[in-house]
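Working notes, structure below.
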Amino acid sequence: MGSKKKAAEAALVAADIESDRAVERALRAVVMRREGASWGDIADRLGISQVEAQELARVAYARLGEAEAEHLRTEVEDKIDGVVRKAHVDLALAQSQNERTALYRVLLAAEAQRARLLGLNLRGGDDDAA
């Protein structure tokens, strides 16, 4: 049983190394392309076909875009959370109905923005349709 476990661990390590190599090749393809290299040059340098070079770069760009979008989404959501927290503090201290009404509007707008950020579509005016 010990040899099976060692073989499985070796296979995992080999898969991790291959994954790291693929990531490294993808990043190299992107860097070379940004430096003006042709797909043929990139393919020759990496020892792959032009189609593989284009696919590597496409996947790398897609992953970079996803990571950037997720980072921005997190930043915006943090800002919305800050607005909501401050509005709740202000709401607790509000002395007039006008102040409370204005803060309710801020809270509703912040939550609507959060819903849009998360890809939810909350339509207004459908409350009576239920």
task: Under 1.5 on a/c is rounded, so check that first for the range 23-130, then, if it is not, pick prolate when a/b is larger than b/c and oblate when it is not; a ≥ b ≥ c are the square roots of the alpha carbon gyration tensor eigenvalues.
output: prolate
query: In the range 32-130, which GluC sites (Glu not before Pro) fall in coil by DSSP and have 13 or fewer other Cβ atoms within 10 Å?
result: Glu35
- prompt: How long is the gain from Lys86 to Gln54 if the chain were fully straight, where each residue apart is worth 0.36 nm and the alpha carbon distance is subtracted?
  reply: 6.7 nm
query: What full-extension length gain, to one decimal in nm, is calculated for Val31 and Glu99 as 0.36 nm per residue of separation minus the Cα-Cα distance?
result: 19.1 nm
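Quick note: the coordinates plus some simple rules give every number you see, no bench work behind them. Everything numeric in this text was worked out from a predicted model, so none of it was measured. A quick note on method: Cβ atoms are made from the backbone with ideal geometry, for glycine too, and the neighbour counts reach across all protein chains shown.
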